[in-house]
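The values are calculated or read from the model by the stated rules, or taken from the named source; none is laboratory data. The structure displayed is predicted, hence computed values, not measured ones. Every residue, glycine among them, receives a Cβ derived from its backbone with ideal geometry; neighbour counts consider all protein chains shown.
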Amino acid sequence: MIGKVYGIPPQPLVAEHTRFVPAGNLRLGIEYRSLDPDSLVETYKHDAAQLAEMLERSPEGGFTDEGLSLHVCGAEDGHEYVRFDVFDGEPHYHYNHPGPEVINNVIDFDTTAHGDMLPWALACLRGRLPAMLTEAGGGALVDGLDQAAIDAAVDELTALAAQVRASASA
């Protein structure tokens, strides 16, 4: 497995802050997220082991960041398989494996080499989704992917991302 492997799931998306776009057997979502130490403690406080891992692996002062998140969820099972956190400070993405054992791979994005993460993430949604879903344990979804539906959804996400970024910077 690549990246940092956590035994805790990513902080769940906030449904009322997430705009979902249907994409065949997937739902793609976009959300503006603000992370801070208090919100992370609130998320993981229900599970002592998850809270301990989050606190142990947190940087000095805790995780604090904000920006767009793009969510790739199964339309039927609702599981979020892939997440792109296009954050201001530490952009990264997740492979969030389904199953009883939590396996959350977090891969840092190198903005020095690749620039703004958003165009890269949108390109991955168009052209790398089968491989990324497979890597995240969602290979069963690959045969049912509808590229035309994905492309239409990514077009909509692209427009929404521009709106969200404009309103966040206003």
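Remark: pairs (first residue in segment 115-129, under 17 Å from F87 (Cβ atoms); second residue of a type in the set (S, T, N, Q); Cβ separation under 7 Å; 6+ apart in sequence or on different chains) = M117/T111; L122/T158.
If you go through segment 24-54 and keep only what is of a type in the set (D, E) and within 17 Å of the chain's Cα centre (by Cα), you end up with E31, D36. Quick check, is M132 in contact with a helix residue (DSSP H, G or I) (Cβ under 8 Å, 6 or more places away or on another chain) and either touching a residue at least 40 places away in the same chain (Cβ under 8 Å) or basic (K, R) (or both)? Criteria met by M132.
The set of residues from segment 135-170 being free of Cβ contacts under 8 Å to residues at least 40 places away in the same chain and not small (G, A, S) comprises V142, D143, Q147, D151, D155, T158, Q163. Among the residues of segment 27-49, just one is of a type in the set (K, R) and surrounded by fewer than 18 Cβ atoms within 10 Å (Cβ to Cβ), namely K45.
Candidates D88, D143, D108: the one that is exposed (fewer than 14 other Cβ atoms within 10 Å of the Cβ) and in contact with a His (Cβ under 6 Å, 6 or more places away or on another chain) is D108.
Close Cβ contacts (under 9 Å, 6 or more residues apart or on different chains) running from residues in segment 15-26 that are surrounded by 15 or more Cβ atoms within 10 Å (Cβ to Cβ) to residues that are hydroxyl-bearing (S, T, Y) comprise T18/S69; L26/Y81.
There is at least one residue in segment 10-19 that is out of contact with any Lys or Arg (no Cβ under 9 Å at 6 or more places or on another chain) and assigned to a helix (DSSP H, G or I). Can you say whether M54 is at pLDDT below 95, more than 23 Å from D77 (Cα to Cα) and in a loop (DSSP other than H, G, I, E, B), as far as the supplied structure shows? In short, no.
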